[in-house]
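Report on the following structure.
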Amino acid sequence: MLIREAAASDWPRIWPFWHRIVAAAETFAWDPDTSEEDARALWMAPGKRVYVAEDATGAVVGSAYVTPNYGGPASRIANAGFMVDPAHSGRGIGRALANHVLETAKADGYRAMVFNAVVETNPAVNLWLSLGFTIVGTIPEAYAHPTKGRVGLHVMHRAL
């Protein structure tokens, strides 16, 4: 697997799984009806460092970004987003992207990473915990999960 910085031309290969994941409304606190134009603006926004994971055939199988979570005096706290094509889940792609982003964020001078809204039923919670993140708080019943009803949103943190 190759992880590299994304180019604008990668978006058409990210969009199909981005749309599938967000439309499912199980793991991201983004509007399931987000248009492709708005999705691109969210994921590929200026100021974000965006990465793609490619398999041995060159197919984009995942993507991640890192960006400041706050501005001004708190701008050394990073935020990140991760998506793995569901057709390629369970192959360590999420962990590889996470390790890459954590290393990159540290090298870029970030002091910590914060996730603002991790759906508590998201299987990735276990990945984040295994990588040293802690749950610093949970907003109860903040997320309307399509099959599990109202579930909490975790705020997670890890020092870099």
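Quick rundown of the values:
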{"quantity": "Cα lying deepest toward the dipole's positive end in the chain, options Pro140, Pro86, Val114, charges on Cβ", "calculated": "Val114"}
{"quantity": "Tail weight of P(r) past 25 Å, computed on alpha-carbon pairs of the chain, percent", "calculated": "28"}
{"quantity": "Unit charges on C-beta of K, R, D, E only; dipole of the chain, Debye", "calculated": "520"}
{"quantity": "Most to least accessible of Asp55, Asp38 (protein chains only, probe 1.4 Å)", "calculated": "Asp38, Asp55"}
{"quantity": "Two-decimal ratio, segment 104-160, of alpha-carbon radius of gyration to 2.2 N^0.38 Å", "calculated": "1.24"}
{"quantity": "Computed Kirkwood radius, in angstrom, where 1/r is averaged over Cα pairs of segment 33-110", "calculated": "13.5"}
{"quantity": "Net charge, Ala112 excluded, C-beta distance under 13 Å - Lys, Arg +1, Asp, Glu -1", "calculated": "+3"}
{"quantity": "Whole-number accessible area per residue in Å² for segment 1-129, which is evaluated in the context of all protein chains at 1.4 Å", "calculated": "48"}
{"quantity": "Local electrostatic count at Leu131 - Lys and Arg +1, Asp and Glu -1, tallied over other residues with Cβ under 12 Å", "calculated": "+1"}
{"quantity": "Span from the segment 104-135 Cα centroid across to the segment 15-82 one, whole angstrom", "calculated": "14"}
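The values are calculated or read from the model by the stated rules, or taken from the named source; none is laboratory data. Here the structure is a predicted model, which is why all the values come from computation and not from measurement. Cβ coordinates were reconstructed from backbone atoms using ideal geometry, including for glycine residues, and neighbour counts include every protein chain displayed. We work out accessible area using only protein heavy atoms, side chains counted, and drop any ligands, DNA or RNA first. Shrake-Rupley method; radii C 1.70, N 1.55, O 1.52, S 1.80 Å.
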